[in-house]
Ligand code: CA
């Protein structure tokens with residue numbers, strides 16, 4: 001035990017030093033600060049901090065009290081065999097501790113819990129280690145990502161989790177680093193830059209560790225980048241292999257693990273000069289390992305730019321965008337792929353979580369991979385060879401009549417090809433997906449997959465006048481004519497159409513068994529347990545438990561803030577705990593404007609929440625906040641100035657401040673900004689005085705007159721909102 005005690009003593013000292021700068025923590029754990037109660041109540045195990053290796057991960061079901069990798073086990077089912085908390089006693093659940101985080105942006109991380117210690121990442125790629133029983137902080141790490149990376153991320157400055165391996169904690173940072181921390185102290189053991197920092201390529205996904213290699217991808221397929229996944233030596237940080245998901249310039253070989261697959265399979269499926277754009281196919285979330293077949297399987301994002309006419313103008317597949325790709329973990333050598341959306345132009349990512357399971361289908365035992373990606377079809381693949389077993393819609397979709405079971409290819413609706421027709425296509429699902437990154441769960445006892453499903457449509461239209469801009473997104477779509485109109489009837493119709501629910505899906509028969517309705521889209525990840533329970537937080541700010549077999553809600557907690565992240569469950573000593581992060585954010589809180597407001601709660605309170613049976617901790621009361629006041633200067637600009645400002649706003653500002661200048665809650669709503677009446681506005685927009693908070697200078701792409709026109713548009717929108725509120729219009733914002 002000497003090593004463990006030494007680690008605890010050091011961690012305690014560090015935590016005491018760090019305490020001044022840390023946010024207030026509310027706990028009722030009752031144990032002595034900074035000691036791990038687990039060491040007194042569980043059999044003594046000679047282990048150091050985060051002493052996790054392949055043998056432990058492969059046998060994760062033999063120690064269900066730990067949650068040692070992103071999806072708990074390598075098959076990423078997110079099913080826990082724990083059953084102390086069950087459908088009979090869930091009503092006795094109560095908060096046992098909470099920990100206020102020091103960022104107020106989207107929280108998407110799944111905590112890792114090993115031997116009584118919780119390791120968790122937060123927005124801005126920070127990491128904390130806490131006593132999993134009491135919530136006492138053991139150490140904190142801040143990679144100090146520059147605020148200028150905020151606008152280079154499509155979907156908020158989020159981070160979905162860390163990985164642990166042999167005494168180290170690994171995190172990918174928004175600015176593209178992979179950092180290994182000493183699990184005892186939080187000190188940096190090594191770090192490497194995994195991206196070209198001159199490009200808007202970011203990391204938000206959780207690393208996985210397989211056979212001594214840390215796997216990490218990146219994001220940015222809305223910003224003209226080329227996707228890849230890399231494997232680094234877990235001990236040293238040395239690059240072992242890299243697999244590019246789309247071909248680069250054919251005249252310049254990569255000398256990477258992907259060379260042969262790109263040359264033989266992918267290159268002929270592209271046209272034009274895609275490499276000058278990047279091509280996309282980023283690996284921003286799902287990576288899964290199948291030890292039986294010794295396969296590493298990852299999902300890729302959309303083609304980049306979205307508009308295929310610009311990217312790769314002929315009707316080609318553009319491999320390996322929107323695909324599931326299997327490689328050998330030791331070398332990155334290609335084994336198989338399955339492409340969900342050949343030649344994608346809708347941002348229908350295949351990056352959503354993949355679950356591995358053994359199912360009996362048509363009387364035959366099958367080794368399957370399951371995914372419920374953005375495009376609305378639930379896919380069951382044979383993971384030994386990547387062949388389609390079945391695919392059926394789990395949500396309303398209008399882009400395909402179905403997936404041809406013989407070829408595995410979609411039978412597309414020709415109208416969906418907006419880059420070919422030149423017409424507007426109002427389609428479904430949207431780039432927010434019928435299901436996005438929020439983890440789903442497979443319960444082998446019920447045989448059901450629990451999916452956080454949403455129904456959000458989208459208007460796709462190619463921008464015939466598209467030009468690349470060195471800042472902002474470059475998708476090649478016309479977001480000006482597809483912006484939300486201010487007609488109250490249209491707005492009400494769109495808002496009514498937004499839906500969210502939990503779907504309990506039978507993957508063998510490809511049908512829904514039950515659903516639990518929610519108020520709107522963008523609800524949380526799901527864990528299922530042997531206690532016949534599933535847990536999910538939602539966009540209204542509720543964290544709830546439902547019976548896994550029939551969807552009856554058996555417990556609910558007011559989390560004060562929406563919950564998006566994936567919950568986990570673990571034990572310390574004799575008690576089972578359930579943990580989840582609260583904190584509204586992500587793309588749905590940034591981009592779609594009024595749509596973000598559907599569930600009625602856009603308050604970001606970023607916290608770790610931990611529950612157990614009989615827990616009696618309380619959250620502090622909500623802080624009182626003064627009502628927002630619209631106080632714009634006079635609306636005196638010309639129609640031409642306002643419409644020019646609108647176009648610029650959509651191009652450069654709306655990705656963070658919301659369509660039609662309606663903020664989703666985590667960035668300032670500019671209609672209400674006091675800066676509209678002050679020339680300090682220019683210091684912010686052109687001078688970059690708030691760059692540390694992510695509001696960089698836009699002087700490289702707009703001049704003073706442009707900035708003035710954007711202000712005129714915002715003032716106009718503020719007056720419009722005043723009028724709408726006076727007329728008691730719903731959804732004035
Ligand atoms: Ca994307």
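A few comments on the model shown:
- Modelled label positions at residue 638 and residue 466, each set 7 Å beyond Cα in the direction of Cβ, lie 3.1 nm from each other.
- The alpha carbon centroids of region 424-456 and region 289-342 are separated by 20 Å.
- Extension gain from residue 574 to residue 699, taking 0.36 nm per residue of separation minus the Cα-Cα distance: 39.1 nm
- Sequence-distant contacts, meaning Cα pairs under 8 Å at least 6 residues apart, place the relative contact order of the chain at 13 percent.
- Projected label distance in nm at residue 556 and residue 496, using a 7 Å step from Cα toward the beta-carbon: 2.4
- Spin-label proximity, residue 625 to region 549-593 - amide N less than 20 Å from point 7 Å beyond Cα toward beta carbon: 558-565, 581-593
- Ascending count of other beta-carbon atoms within 10 Å, so fewest first, for 222, 455, 420, 108: 420, 455, 222, 108
- Taking packing as the residue-averaged number of other Cβ atoms within 10 angstrom, the listed peptides 463-473, 149-159, 364-374 run from highest to lowest as 149-159, 364-374, 463-473.
- For region 639-726: relative contact order, % (alpha-carbon pairs under 8 angstrom, 6 or more apart): 35
- Applying 1/(1 + (r/R0)^6) with r as the Cβ-Cβ distance of residue 367 and residue 675 and R0 = 56 angstrom yields a FRET efficiency of 0.45.
- Based on the reciprocal of the average 1/r between different C-alpha atoms, the Kirkwood radius for the chain equals 25.9 Å.
- Neighbour-count ranking [beta-carbon atoms within 10 angstrom, fewest first] of 480, 325: 480, 325
- Peptides 500-512, 614-626 ordered by average Cβ neighbours within 10 Å, highest first: 500-512, 614-626
- Full extension of the chain between residue 424 and residue 692 yields a length gain of 92.6 nm, computed as 0.36 nm times the residue separation minus the alpha carbon distance.
- Per-pair calculated FRET efficiency, R0 = 56 Å: residue 729 and residue 191 via Cβ, rounded to 0.05: 0.65
- Each of 306, 336 has some number of other Cβ atoms within 10 Å of its Cβ, and from fewest to most they run 336, 306.
- If R0 is 60 Å, the Cβ-Cβ spacing of residue 233 and residue 616 corresponds to a FRET efficiency of close to 0.80.
- Debye intensity ratio in log₁₀ form over the Cα atoms of region 594-681, taken at each q of 0.14, 0.16, 0.18, 0.19 Å⁻¹: -0.69, -0.83, -0.98, -1.06
- Residues of region 87-117 with an amide N closer than 12 Å to a point placed 7 Å from the Cα of residue 445 along the Cα-to-Cβ direction: 87-89.
- Computed [θ] at 222 nm, deg cm²/dmol, the chain (DSSP H ≥ 4; -39,500 (n - 2.57); rounded to nearest 500): -3500 deg cm²/dmol
Every number here is computed from the coordinates shown, using simple stated rules; none is lab data. Given the structure is predicted, the values throughout are model-derived calculations rather than measurements. Please note: Cβ atoms are built from the backbone with ideal geometry, for glycine as well, and neighbour counts cover all protein chains shown.
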